[in-house]
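The values are calculated or read from the model by the stated rules, or taken from the named source; none is laboratory data. Note that the structure is predicted; figures quoted are calculated from it, not measured. Ideal geometry is used to build each Cβ from the backbone, glycine not excepted, and the neighbour counts take in all protein chains shown.
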Amino acid sequence: MRYSIYLLAAAGLYADAGSLIPTNKQAPDAAVLSMEEMAIDVQIDGSSVKVLTRQIFANKTGGVLEGNYVFALPGSALLSDFAVWDGATRIPGVILERKRAEELYNDIRLQAIDPGLLQLGERDVDEARRTSVFSARVVPIPGYGTKRMEMEYHSRLDMGSILALPLKPDAYKQQRVGRLWITVTVTSVHAMKDFLVLSKGYPLQILEKKPNLVRASLDVRNFDLTEDFVVRVDREAATGDRLAVVTQREEASGPGYFEASFVVAPQVAAESAPKTVVALFDASLSMQWEKLERSMRAVTELLMALGPQDKFHLLVFNSQVAAFAAGATGGGKASAEQALAWLKTQPLRGATDLGAALAKGLALAEKDSILVLFSDGGATAGQVRMGKLVEDYAKVWAAKKPRTFMYAVGDDANGTLMKALARQNGVFEWVRSTEPEEFKLRGFLEKLGKSAVEGVALDVQPRTAVSLVYPLHEAVYPGSEAVWVGQYGQPGSATFKVRGASATVNLPASETAHPQLPRTWAKARVDALLEKIDREGEDKATIDEIIRLSKKYKFVTPYTSFLAAPRALLRPRLIRPGDPVIRVRTDAAIASVVAVFPFGLTKSLRFLPEEDIWQTRFLAPADMVDGTHAVKLVMRDKNGRTYREAKTFIIVSKPPLVSAKLSASSARRGERVMVTADAGATTRTITAKMYGAETAWLKWDGNKNVSVGYLTVPAGMPPGKYSVKVTAEDIAHNISTKEVFLAVLP
């Protein structure tokens, strides 16, 4: 059966989480494609969150349908897995370099087997850096059949923060799911005070509730998705600062990983001191529609919360910067209403001179005042280079050091820039299109009246024990948490210190209790490398490391993509000299195929209608070196249009090296003897044969790291010494043998 799924970022689309829309519709239609099942498994381990979503959609019509699968990742979530099912076969996503994935996608699609390509951004790397909304073209959805989709993502949950799964169909009004499962498991090294379900429409049942473990679930049928699923985990209030360290090391020969979490003790609430706020409001055209509405609600909450003892400046900017008043305005409801009424009269303009707005805001700021930016961070006029914007801001900021609060709005917000600006004694928050903003906005504004804790830095002794350590937090406040992730090398004892708290821990040679840690570290490392590119420009070494980490730890970056296709199509063919067959499956419109080989040979392929495949035979020269070689395919369709593609094949002329041994040097009649063998990576089959005995087929044993099989000594075999011939054959049909001996006892 053919299937097709082309998955890419859909810029500007306000997407729900996991909607399958008929291609001739603008919204889900349950009478055509219904969501029959959705299972969501949420695992929270400390500050790390993993969400696995599985959905089954049903075609209610008798015809074959096409659909668009649309979803948006919440917050700063990291997409870590993706799969589509073709009937009973699961086609998992494989991480590939972005350009290579696109080439393979186009190559495979012409073979009448359409793969699934998942990537951030449809056009280029820059767009990939600025979107979290994805869409997928799904073909075919068989008549009265089903289509199953799977997606996994990771995110972080700061202490006292909320976890919101974007299930409310903001763009499509209402959706119903035939059966909805949600399971939630929370583990924490810090004791939990409470686990709260903030979305009242979900009848979540608490199955187990302990200081360090919470398990909950729900199972409902014919459920209308009318709100987001939102929970909050509250930790026990600390009487003093607390530091905890967890580790993960799966291979003794590889690096280990650690996460250090430092909980800052809350302070006794003091009377709020008067504050001066400089609010910068982005009124450029990129902020229109939902982004403008969300920013307006946020600045309204800010100004209405100021008391008569407070002061504020309100600036609106686009290609120009305008001020509500020449000087500071006293706080209070009346002043806030006047300022908001003025703000609503300001025109939207095309360009965004973010640098000029920041400079004007710093000029108005006083010592200990608060600068708050409501924007998508898209600088399109004046200074537009991220590195220079951050550098210029930091230089002027140093004179007064106002607290810098960044409120990023929209899926395409330049979160990297605004996060870098917030490092100047501030707070960064990002609200995307499908997220419930009220919880994030409340936490953001609550920090206006608090002072960040100074001197929160991680010290590890001996310093050589750890490397590549990255903070996962911005400013730290009383009652909140600071988190660092890093690598460690050799096993041993190390002492971690933050302010007055310390923890001496064993960095083990093996630990598998926190499987999310390697990916969490890799994401922090990639974020740091992407920021380096923003500041200094691209270089090959940095991009290569991003691609390597993305492949190893399986998550999408601007330079990589998920490609879902049968594994055999992702591997080059293996051909040995003298094995002259090349076979290509194409689209039905193709009328001729010509292969151009790297050694000067040009061959036309012959179509075999009984196999629906193009084929030719050729002779690879005997002097052709082992390795990967390219063959160019020139295809012409029935209308005379020409297509060119490149395929690769591997020359393998040397037989695999094989070693073998028996579990015993002798055996009695009727006994079984284990045969183990090791051969090269390209080995396809290994067999063991002994006179009079049934052939043993050896299979790979991951625990033993060898291939294993069993020979049974025939019951009537005469005593004596017998040869056991172990034969290994690779995919290119090269063969090698190894002989071992077995003594058959009476």
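Please note which strands (runs of 3 or more DSSP E) are completely contained in segment 385-471 and include at least 2 residues that are in contact (Cβ under 8 Å) with a residue 24 or more places away in the chain and outside the structural domain of Leu303 (by TED's automatic domain parsing).
Values: elements: 403-409, 427-431, 458-461, 466-471.
So the answer is 458-461, 466-471.
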Worksheet item: Identify, please: which residue in segment 700-716 is over 18 Å from Glu739 (Cβ atoms) and in a loop (DSSP other than H, G, I, E, B) and is, among those, farthest from the chain's Cα centre (by Cα)?
Response: Gly716
Practice prompt. Kindly list the number of the only condition in (1) surrounded by fewer than 16 Cβ atoms within 10 Å (Cβ to Cβ); (2) within 30 Å of Gln383 (Cα to Cα); (3) in contact with a Leu (Cβ under 8 Å, 6 or more places away or on another chain) that fails for Arg535.
Written response: (3)
Fill in: Matching entry among Ser723, Ser736 (being over 30 Å from Ala620 (Cβ atoms), outside any loop (DSSP other than H, G, I, E, B) and at pLDDT below 90)
Ser723
Worksheet item: Given the residues Leu292, Leu280, which is the only one that is touching a residue at least 12 places away in the same chain (Cβ under 8 Å), out of contact with any strand residue (DSSP E or B) (no Cβ under 6 Å at 6 or more places or on another chain) and not aromatic (Phe, Trp, Tyr)?
Response: Leu292
Practice prompt. Would you be able to say whether some residue in segment 523-530 is assigned by TED's automatic domain parsing to the domain that holds Pro255, in contact (Cβ under 8 Å) with a residue 12 or more places away in the chain and closer than 16 Å to Gly254 by Cβ?
Written response: yes
Practice prompt. Return the total of residues in segment 192-212 being closer than 21 Å to Arg235 by Cα and surrounded by 13 or more Cβ atoms within 10 Å (Cβ to Cβ).
Written response: 8
Discussion item. Yes or no: segment 679-699 includes at least one residue that is charged (D, E, K, R), outside any strand (DSSP E or B) and in the same structural domain as Leu605 (by TED's automatic domain parsing).
Written reply: no
Practice prompt. Report, by residue number, each residue of segment 175-205 that is free of Cβ contacts under 8 Å to residues at least 40 places away in the same chain, closer than 30 Å to Val483 by Cα and assigned to a loop (DSSP other than H, G, I, E, B).
Written response: Ser199, Leu204
Worksheet item: List, please: which pairs have Cβ atoms under 8 Å, are six or more places apart or on different chains, and start with a residue in segment 29-42 that is of a type in the set (S, T, N, Q) and end with one that is in a loop (DSSP other than H, G, I, E, B)?
Response: Ser34/Lys60
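Tell me the residue from Ala667, Ala591 that is in a strand (DSSP E or B), in the same structural domain as Leu711 (by TED's automatic domain parsing) and modelled with pLDDT of 75 or more, please. Even if it seems obvious, please write down each step before you answer.
On the way: Ala591 fails: in the same structural domain as Leu711 (by TED's automatic domain parsing).
Result: Ala667 is the single residue among Ala667, Ala591 that is in a strand (DSSP E or B), in the same structural domain as Leu711 (by TED's automatic domain parsing) and modelled with pLDDT of 75 or more.
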Worksheet item: Any chance segment 251-266 includes a residue that's farther than 30 Å from Gly492 by Cβ, assigned to a loop (DSSP other than H, G, I, E, B) and touching a Leu at 6+ places or on another chain (Cβ under 9 Å)?
Response: no
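Every residue, every condition in (1) modelled with pLDDT of 90 or more; (2) surrounded by 22 or more Cβ atoms within 10 Å (Cβ to Cβ), yes or no:
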site: Leu20; (1), (2): no, yes
site: Thr23; (1), (2): no, no
site: Val32; (1), (2): yes, no
site: Met38; (1), (2): yes, yes
site: Gln55; (1), (2): yes, yes
site: Ala72; (1), (2): no, yes
Worksheet item: Taking the stated definitions as given, is Ala475 among the hydrophobic types (A, V, I, L, M, F, W, C), part of a loop (DSSP other than H, G, I, E, B), under 20 Å from Leu157 (Cβ atoms) and not assigned by TED's automatic domain parsing to the domain that holds Val189?
Response: yes
Discussion item. So Gly330 passes all but one of these: (1) within 27 Å of Trp289 (Cα to Cα); (2) of a type outside the set (S, T, N, Q); (3) touching a residue at least 12 places away in the same chain (Cβ under 8 Å); (4) surrounded by fewer than 17 Cβ atoms within 10 Å (Cβ to Cβ). Which condition number does it fail?
Written reply: (1)
Worksheet item: Got at least one residue in segment 608-621 being under 30 Å from Asn705 (Cβ atoms) and small (Gly, Ala, Ser)?
Response: no
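Of Thr685, Thr737, which residue is in contact (Cβ under 8 Å) with a residue 40 or more places away in the chain and either basic (Lys, Arg) or in contact with a Phe, Trp or Tyr (Cβ under 8 Å, 6 or more places away or on another chain) (or both)?
On the way: Thr737 fails: either basic (Lys, Arg) or in contact with a Phe, Trp or Tyr (Cβ under 8 Å, 6 or more places away or on another chain) (or both).
From the options Thr685, Thr737, the qualifying one is Thr685.
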